[in-house]
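Inspection log for the structure reproduced underneath, given as structure tokens.
Derivation of every value follows stated rules applied to the coordinates shown; laboratory data play no part. Because the structure is a prediction, the values reported are computed rather than measured. Note that each Cβ is placed from the backbone with ideal geometry, even for glycine, and that neighbours are counted across all protein chains shown.
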Amino acid sequence: MTALDLTGRTAIVTGASRGIGLATARSLAEAGAKVVLTSRSQESAEKAAVEVGHGSVGYGAHAVDEDAAKACIDFTLDTFGSIDVLVNNAGTNPAYGPVVDQDHARFAKTFDVNLWAPVLWTSLAVRAWMGEHGGSVINTASIGGMGFEAGLGVYNASKAALIHVTKQLALELSPSVRVNAVAPGVVRTRLAEALWKEHEQLVADASALGRIGEPEDVASAVAFLASDASAWMTGEIMVIDGGQRLGNAQAFR
Ligand SMILES: NC(=O)c1ccc[n+]([C@@H]2O[C@H](COP(=O)([O-])OP(=O)(O)OC[C@H]3O[C@@H](n4cnc5c(N)ncnc54)[C@H](OP(=O)(O)O)[C@@H]3O)[C@@H](O)[C@H]2O)c1
């Protein structure tokens, strides 16, 4: 058994019907965890759980719906007996374009799903289990939360705030609950299609490792943060971007 082993642990992954969440659920399950996968749709959550296997279960819960979140936490405890890992992964971006062109509805939806939901689920998991027994919380932030890009201002602001809140929660919940985040670059998923679909080669060529990310690239980092292999890490933001922030040095070789 290695420190990466998650046998006997239970994990909830929000937004796990596809993309980074689905790959993360698979990584955690392969490491031995029992996993509850959420999605806005019960059907999609169940389908994803069947795909992941290893005794994982799907649960329909809009990440911002407090009653659904509570019900999912209760369901997880009733079914598996613990909540050792929480991955706040559900995310959205309905607010493309300049910040000054956004309306309140798009702004509020972005911040509700990307910032409030991680706070809500963390607080419920801490009250129900982790506060007494410990645990590991991993938030899916973004390298967008560390910089500035035309068109992604509101989304990036929500991820910058999530980075801040990750550190704040790490402080407040220490020493029993660790709270970290991953900050992916451009990854091949539906949410990010506008960032790579029509110009994947351009994005790949602009990064040190010469390709865009795959959901599995992020999932393995989340599994590390979930496990005892990262036991002395809290309040950290792990960038996984294939060197997108470094750029490409090929032209100088
Ligand atoms: N892809 C990238 O380049 C990239 C980069 C940095 C950060 N991220 C972050 O990575 C996370 C996952 O995104 P992704 O790229 O994997 O996108 P994706 O493939 O579109 O997956 C998004 C997932 O979130 C679920 N979801 C959306 N809104 C939800 C809500 N209100 N409640 C519950 N579940 C919800 C979706 O399920 P249903 O539609 O079935 O509800 C889906 O499973 C997000 O937080 C995103 O901001 C992505």
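Of TRP116, TRP129, TRP232, the sequence from fewest to most neighbouring Cβ atoms within 10 angstrom is TRP232, TRP116, TRP129.
Full extension of the chain segment joining GLN201 with GLN42 gains 53.6 nm, where the gain is 0.36 nm per residue of separation less the Cα-Cα distance. Shown in residue order for segment 161-172 are the 3J(HN,Hα) couplings computed by the Karplus curve 6.51 cos²θ - 1.76 cosθ + 1.60 at θ = phi - 60°: 5, 5, 4, 4, 5, 4, 5, 4, 5, 4, 5, 5 Hz (x for Gly and Pro). Here the label points at THR79 and ALA3, each 7 Å from Cα along the C-beta direction, are separated by 3.1 nm in the simple model. Each of ALA231 and PHE252 was given a label point 7 Å from its Cα along the Cα-to-Cβ line. The distance between the two points is 4.1 nm.
To the nearest 0.05, what FRET efficiency results for MET146 and HIS104 with a Förster distance of 30 Å applied to their C-beta separation? E(calc), rounded to 0.05, equals 0.70.
Taking every Cα-Cα distance in segment 1-121 and sorting them into 10 Å bins from zero, the calculated P(r) comes out as 15, 43, 28, 11, 3, 0 percent.
Over segment 10-239, Cα pairs under 8 Å with separation of 6+ residues give a relative contact order of 20 percent. Considering only ALA223, ALA90, ALA160, the mean-square fluctuation computed in a Gaussian network model of the chain, springs between alpha carbons under 10 angstrom, is largest for ALA160. For segment 10-239, the Cβ-based charge dipole about the Cα centre amounts to some 100 debye (Lys, Arg positive; Asp, Glu negative; other atoms uncharged). Note on GLU132/ALA208: beta-carbon distance plugged into 1/(1 + (r/R0)^6) with R0 of 45 Å gives a FRET efficiency of 0.55. An ellipsoid equivalent to the chain, defined through the eigenvalues of its Cα gyration tensor, has semi-axes of 28, 21, 18 Å when rounded to whole angstrom and sorted largest first.
Phi angles across segment 42-54 convert, under the Karplus curve 6.51 cos²θ - 1.76 cosθ + 1.60 with θ = phi - 60°, into 3J(HN,Hα) values of 4, 4, 5, 5, 5, 4, 5, 5, 5, 4, 6, x, 6 Hz, Gly and Pro given as x. Placing a pseudo-label 7 Å from each Cα along the Cα-to-Cβ vector at LYS70 and VAL119 gives an inter-label distance of 1.9 nm. Counting beta carbons within 10 Å around each of ASP112, ASP103 and listing the fewest first gives the order ASP103, ASP112. Over the residues of the chain, the helix contribution to mean residue ellipticity at 222 nm works out to -11500 deg cm²/dmol, using -39500 (n - 2.57) for each DSSP H run of at least 4.
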